[in-house]
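The values are calculated or read from the model by the stated rules, or taken from the named source; none is laboratory data. Model, not experiment: these values are computed from the prediction. Please note: Cβ atoms are built from the backbone with ideal geometry, for glycine as well, and neighbour counts cover all protein chains shown.
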Amino acid sequence: MRVIAGKAKGFRLKSLQGSNLRPTSDMLRGAIFSMLESLTPDWSRVLDLYAGTGALGIEALSRGADWADFVEKNPRLCAIIRENLKNTGFTERSKVYCMPAAKAISVLNKAYDILLLDPPYTDPTIVSVAEKLSSSQLAGKDSTIVIEHSKRVALEDRLGDFQRVKNVRHGDSCVSMYQYAGGER
């Protein structure tokens, strides 16, 4: 697994050996960021929820994001994210929170421009976490929510005030992108 574009292009990211971690393929990651480039000009603040190795957030930093917060509940993966950030030179533009995604939604208190979610495909809480996230203070009028999920997980076209604007399928993986569609914020 490597960073595919930007400042840290080509850098190989460390991963956790022997785990059931399912990293986003280079091809799908490229598609995600290509869609984001066409949807949103502002990459100031990025949240990588269910961060795993931090590949999505690091890709965003490499492509010009000013800041990225990483949320991962596995302490061993949190250490790998920190190491990947150090090795890519992005430590000063990031922070790692070692906690479950649902807790992070209630603890973090700033709006993000891009919210990246890549939960385990077997996580039964993804729909409720996505709904909670869409109505939290983390998602504002200018936010784009990106959810990578299994084709077997049915996400609604609308999550609170956010409407699905893109849906791409690649093998068993789907990517759903949501943007603010109206309501009180």
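What the table shows:
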quantity: Some residue of the stretch 32-50 being on the phi > 0 side of the Ramachandran plot, in contact with a strand residue (DSSP E or B) (Cβ under 7 Å, 6 or more places away or on another chain) and at pLDDT 90 or above; calculated: yes
quantity: Qualifying residue in the stretch 99-115 (condition: closer than 25 Å to Lys14 by Cβ, modelled with pLDDT of 95 or more, of a type outside the set (Lys, Arg) and over 16 Å from the mean Cα position of the chain (by Cα)); calculated: no
quantity: The one condition in (1) on the phi > 0 side of the Ramachandran plot; (2) surrounded by fewer than 20 Cβ atoms within 10 Å (Cβ to Cβ); (3) at pLDDT 90 or above that Glu83 fails to fulfil; calculated: (1)
quantity: Selection from the stretch 119-137 of residues that are under 18 Å from Gly182 (Cα atoms) and either of a type in the set (D, E, K, R) or assigned to a helix (DSSP H, G or I) (or both); calculated: Ala130, Glu131, Lys132, Leu133, Ser134
quantity: Residue list for the stretch 39-52, restricted to those being surrounded by fewer than 24 Cβ atoms within 10 Å (Cβ to Cβ) and out of contact with any Asp or Glu (no Cβ under 7 Å at 6 or more places or on another chain); calculated: Leu39, Pro41
quantity: Answer residue from the stretch 157-184, given it is touching a helix residue (DSSP H, G or I) at 6+ places or on another chain (Cβ under 9 Å) and in a loop (DSSP other than H, G, I, E, B) and is surrounded by the fewest Cβ atoms within 10 Å (Cβ to Cβ) among those; calculated: Gly171
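Here is a yes/no grid of residues against (1) touching a His at 6+ places or on another chain (Cβ under 7 Å); (2) aliphatic (A, V, I, L, M):
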position: Asn87; (1), (2): no, no
position: Asp118; (1), (2): no, no
position: Ile126; (1), (2): yes, yes
position: Leu133; (1), (2): no, yes
position: His149; (1), (2): no, no
